[in-house]
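J.: One structure is given below, represented as structure tokens, and several questions about it will come after.
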Amino acid sequence: MKEVPKVAVPWLLVLLGLPFAVQATPRALDADDPIAHSCYFCTADEMRQTALGLGNGVHYVYDIDLPYITGYTVETSSGTPVATRFDAEDWVERQFLSLVEHYRPGEGVEQTLLDVKLYAPGSDHGLRAGEGQFIKGHHLSALHPRQSEANETVLRFLQRHGGFGFLDTSDSDGRLLQLQVIRERGYPVAALLAFEHNWAIHAIYHFDYASRRWSFVEAYDIDSSRIQHSAADFVRYEFGSRYEYSSFDRWFADAFAERAGWAGVPLIGTMPPPSSYKNITFTCTQPTGTPECAISAK
């Protein structure tokens, strides 16, 4: 039986973002990743036929219903292709089961991380009470002057996080199992980070197999609206956009006003004092082609 090609990846350099060479010519880090091919509700013979259809080489075939994955070595003998089955390695099976667990039909792979608490840039690391000490979508807005620091903190958190079973390379020589359906249809492998204790306050990051890196996609505010990254984002619809914050969410209302200021979006009206405990609504329109947001409180 042929062995799956192996490559040793210097993970410390990956985490530090330093350059390194796997071989003389540049290549993607996923060049040696095995690909798992689907065979839904298949018999053993149908799985073997799937492997034969892939040509010579080492192939993995799975049935997501069971779920079950197995390997085949396909070789041509006397002009006839022959598929020899072998048990999938432990690391292949472990990554596969994790991928299946977090697979969302038509969407890709998404794992949710709950109650994520990461200190925001400029915070005093827990010595001060208040909403602003932990990273939220506000800190990940492109409008925030320290967005790059906040994003880097999240990226390092994701790289160090040991909870992604489908990214566990502790015994795979750096290889990651990939599902062919993910590659063919361009589905993402995503992490949803729910900040602190609230599902509404979350950010989404996508993992890239070729670079072995995460990247920021989007962040959401406590009212489930997308965080603004430019002046245009404050008015997402022709008829305008409405953002509502309860009296208990005053920090988020103030953060919205701060983003508007950074974007140069005028606020029409006056923010009520925090002691008033009023609900605040921002109604954003662009009557003259330039976004502006009217403040109302009750």
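J.: Tell me whether region 185-207 contains one or more residues that are closer than 25 Å to Asp32 by Cα and among the acidic types (Asp, Glu).
T.: Checked region 185-207: no residue is closer than 25 Å to Asp32 by Cα and among the acidic types (Asp, Glu).
J.: Moving to a separate point now. So, in region 227-239, exactly how many residues are open to solvent by 10 Å² or more (accessible area, probe 1.4 Å) and either in contact with a strand residue (DSSP E or B) (Cβ under 9 Å, 6 or more places away or on another chain) or modelled with pLDDT of 95 or more (or both)?
T.: 8
J.: Go through Glu218, Glu292, Glu244 for me and flag whichever is farther than 30 Å from Leu176 by Cα and surrounded by fewer than 17 Cβ atoms within 10 Å (Cβ to Cβ).
T.: On inspection, the qualifying residue turns out to be Glu244.
A quick yes/no check of all residues on (1) in contact with a His (Cβ under 6 Å, 6 or more places away or on another chain); (2) in contact (Cβ under 8 Å) with a residue 24 or more places away in the chain; (3) closer than 25 Å to Asp90 by Cα:
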site: His144; (1), (2), (3): no, yes, no
site: Gly165; (1), (2), (3): no, yes, yes
site: Ile182; (1), (2), (3): no, yes, yes
site: Val189; (1), (2), (3): no, yes, yes
site: Ala194; (1), (2), (3): yes, yes, no
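J.: Another question about this same structure. Can you report the number of residues in region 194-215 which are closer than 18 Å to Gly132 by Cβ and touching a helix residue (DSSP H, G or I) at 6+ places or on another chain (Cβ under 7 Å)?
T.: Going through region 194-215 one residue at a time, the tally reaches 2.
J.: A follow-up question, please. Anything in region 182-202 that is open to solvent by less than 30 Å² (accessible area, probe 1.4 Å) and either among the β-branched types (Val, Ile, Thr) or assigned to a helix (DSSP H, G or I) (or both)? List them, or say none.
T.: Ile182, Val189, Ile201 - these are the residues of region 182-202 that are open to solvent by less than 30 Å² (accessible area, probe 1.4 Å) and either among the β-branched types (Val, Ile, Thr) or assigned to a helix (DSSP H, G or I) (or both).
J.: Pick from Glu93, Glu75, Glu110: which is open to solvent by 80 Å² or more (accessible area, probe 1.4 Å) and either in a helix (DSSP H, G or I) or closer than 27 Å to Asp208 by Cα (or both)?
T.: Checking each option against the conditions leaves just Glu93.
J.: Now a separate question. Just to check your reading of the model, which residue among Leu155, Leu114 is under 17 Å from the mean Cα position of the chain (by Cα) and modelled with pLDDT under 95?
T.: None of the others qualify; the one that does is Leu114.
J.: Within region 203-215, which residues are surrounded by fewer than 19 Cβ atoms within 10 Å (Cβ to Cβ) and not in a strand (DSSP E or B)?
T.: Hits for region 203-215 are Tyr209, Ala210, Ser211.
J.: Go through (1) in contact with a Lys or Arg (Cβ under 7 Å, 6 or more places away or on another chain); (2) without any contact (Cβ under 8 Å) to a residue 24 or more places away in the chain; (3) under 18 Å from Gly132 (Cα atoms) and name the single condition Glu218 misses.
T.: Going through the list (1) in contact with a Lys or Arg (Cβ under 7 Å, 6 or more places away or on another chain); (2) without any contact (Cβ under 8 Å) to a residue 24 or more places away in the chain; (3) under 18 Å from Gly132 (Cα atoms), Glu218 breaks only (3).
J.: Answer yes or no as to whether Gly122 is under 16 Å from the mean Cα position of the chain (by Cα), in a loop (DSSP other than H, G, I, E, B) and surrounded by fewer than 20 Cβ atoms within 10 Å (Cβ to Cβ).
T.: no
J.: What are the pairs with Cβ atoms under 6 angstrom where one residue, in region 43-62, is within 18 Å of Ala88 (Cβ to Cβ) and open to solvent by 70 Å² or more (accessible area, probe 1.4 Å) and the other, located anywhere, is in a strand (DSSP E or B) and at pLDDT 95 or above? Sequence gap at least six, or different chains.
T.: Partner pairs satisfying both residue conditions: Arg48/Ala83.
The values are calculated or read from the model by the stated rules, or taken from the named source; none is laboratory data. Worth saying up front: this structure is predicted, and the values here are computed from it rather than measured. Heads up, the Cβs are rebuilt from the backbone with ideal geometry, glycines too, and the neighbour counts pull from every protein chain shown. Please note that ligands, DNA and RNA were not included when accessible areas were found on the heavy atoms of the full protein model with its side chains. Shrake-Rupley method; radii C 1.70, N 1.55, O 1.52, S 1.80 Å.
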